[in-house]
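**Student:** Next up is a structure, given as structure tokens.
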Amino acid sequence: MKATAPAKIILFGEHAVVYNQPAIAIPVNDVKAFATIETDANLDDPVVRADDFGIEHSLNKKSVPGKIEHIMKALNLVRENSNSGFPDKGWRLSVSSKIPVARGMGSSAAISVVLIKIFFKYLKLDLSPSRLIDLSYELEKFHHGTPSGIDNAVISLGAPILFQKEKGFKVFHPKTFHFVIGDTGIGKKTATVVKDVAARYRKAMASYKAIFEAIGSVANQGLDALSLGQHKKLGRLMNLNQSLLDELGVSSPELEHLIHTALENGALGAKLCGAGKGGCMVALADSIEHAEKISVKLSEAGAKQTFVTTLKRGNGK
Ligand code: MEV
């Protein structure tokens, strides 16, 4: 049996969302994390394989390699939350992911989601979207300290959402938009960047609050632009969000370089996406062809990898 979970990008509102402002996230269905469970009655020892790390680990061994701690946390969480008990032999789990790690594309949330999905499938238990969101949030807390919950929510739902920490989420129905994502190749831990923002916020509360509120208002306007198919307006709002993120101190020269490259090549707007200080940027293109053209320019400008993705009504793709 098999489970998948998409990557995500935040179109508006990263960081401010931690402070209860609205934010918008969309799934990137072309880039995914995968998990499979094979059953094998002869396997006395359950085996976990993390293909990206080349690790194969028997669960009967006491010490757990750090790289598969995530998998063990997920297994324990599902054990605690399922009354049916978890077979202690006869299965082999494999996990892999095409989502770049620590680049703002939700790699850790996607692993959390895909693990919970595959374990529930294996146990033949129903898993409602809200239960998946709640359980994956527990795993996110383990990894990120104070996550807003937007990453695991959008990845659990696989649909574009407006998210607010204390209000929950609303799935919305966008018109068609083409984006290109560029990876600076610089990995940054979300928890570290979020902590740095919190430290600066404590020193200059009034001005940071004003920036968070301005970002929240941009996110609300972004929702209208996405729903109404206002491409130019969406681009302008992305640029505005980028300057506010820069004021928060989470941009970087590498991100700025890719953002400028996209804008110079006709992108309607561009911004960093995710925690920043590295990771990825996203630009809005006129068409798929235009997105492909920007993608080539981003690679020439040093992007380590690029992804072209289309958001449209229905499948969030
Ligand atoms: C990370 O994808 C987005 C942040 O806003 C952190 C969070 O929402 O937990 C930076």
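The values are calculated or read from the model by the stated rules, or taken from the named source; none is laboratory data. None of these values were measured; they are calculated from a predicted model. Because the Cβ atoms are built from the backbone with ideal geometry, glycine has one as well, and the counts that use them run over all protein chains shown. For accessibility, only protein heavy atoms count, side chains too; no ligands or nucleic acids. Shrake-Rupley method; radii C 1.70, N 1.55, O 1.52, S 1.80 Å.
**Student:** Consider VAL250 against the criteria (1) open to solvent by less than 30 Å² (accessible area, probe 1.4 Å); (2) over 16 Å from CYS273 (Cα atoms); (3) not assigned by TED's automatic domain parsing to the domain that holds LYS117: it satisfies all of them except one. Which criterion is unmet?
**Tutor:** Among (1) open to solvent by less than 30 Å² (accessible area, probe 1.4 Å); (2) over 16 Å from CYS273 (Cα atoms); (3) not assigned by TED's automatic domain parsing to the domain that holds LYS117, VAL250 violates only (2).
**Student:** Further, regarding this structure: Filter region 174-191 for residues that are within 16 Å of the ligand (Cβ to nearest atom), assigned to a loop (DSSP other than H, G, I, E, B) and not hydroxyl-bearing (Ser, Thr, Tyr) and give the result.
**Tutor:** ILE186, GLY187, LYS188, LYS189
**Student:** So GLY85 fits all but one of (1) on the phi > 0 side of the Ramachandran plot; (2) surrounded by 21 or more Cβ atoms within 10 Å (Cβ to Cβ); (3) at pLDDT below 90; what number is the exception?
**Tutor:** So the condition that GLY85 fails would be (2).
**Student:** Another question, if that's okay. Any idea which of (1) touching a residue at least 40 places away in the same chain (Cβ under 8 Å); (2) within 27 Å of ALA109 (Cβ to Cβ) is the one GLU247 doesn't satisfy?
**Tutor:** (1)
**Student:** Okay, next question. Regarding PHE34, is this residue open to solvent by less than 10 Å² (accessible area, probe 1.4 Å), in contact with a helix residue (DSSP H, G or I) (Cβ under 7 Å, 6 or more places away or on another chain) and not charged (D, E, K, R)?
**Tutor:** Details: open to solvent by less than 10 Å² (accessible area, probe 1.4 Å): no; in contact with a helix residue (DSSP H, G or I) (Cβ under 7 Å, 6 or more places away or on another chain): yes; not charged (D, E, K, R): yes.
So PHE34 fails the test.
**Student:** Going by the structure shown, is LYS73 in contact with a Phe, Trp or Tyr (Cβ under 7 Å, 6 or more places away or on another chain), over 30 Å from ASN239 (Cα atoms) and at pLDDT below 95?
**Tutor:** Considered against the rule, which asks whether it is in contact with a Phe, Trp or Tyr (Cβ under 7 Å, 6 or more places away or on another chain), over 30 Å from ASN239 (Cα atoms) and at pLDDT below 95, LYS73 comes out as yes.
To keep it simple, each residue is scored yes or no on (1) more than 16 Å from the ligand (Cβ to nearest atom); (2) touching a residue at least 24 places away in the same chain (Cβ under 8 Å).
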| site | (1), (2) |
| --- | --- |
| LYS2 | yes, yes |
| ILE24 | no, yes |
| PHE34 | yes, yes |
| ASP44 | yes, yes |
| SER58 | yes, no |
| ILE71 | yes, yes |
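Residue-wise test of (1) of a type in the set (D, E, K, R); (2) within 16 Å of the ligand (Cβ to nearest atom).
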{"residue": "VAL250", "(1), (2)": "no, yes"}
{"residue": "GLU256", "(1), (2)": "yes, no"}
{"residue": "ALA267", "(1), (2)": "no, no"}
{"residue": "LYS271", "(1), (2)": "yes, yes"}
{"residue": "SER295", "(1), (2)": "no, no"}
{"residue": "LYS304", "(1), (2)": "yes, no"}
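**Student:** Anything in region 37-75 that is touching a helix residue (DSSP H, G or I) at 6+ places or on another chain (Cβ under 9 Å), of a type in the set (Val, Ile, Thr) and within 14 Å of GLY90 (Cα to Cα)? List them, or say none.
**Tutor:** ILE37, THR39, VAL48
**Student:** A further question on this structure: Which pairs do you get when a residue that is of a type in the set (Val, Ile, Thr), found in region 215-244, comes within reach of a residue that is in a helix (DSSP H, G or I), reach meaning Cβ atoms under 6 angstrom, with the pair 6+ apart or on two chains?
**Tutor:** Close Cβ pairs (under 6 Å, with a partner that is in a helix (DSSP H, G or I)) amount to ILE215/ALA16; ILE215/LEU244; VAL218/LEU237; VAL218/LEU240; VAL218/ASN241.
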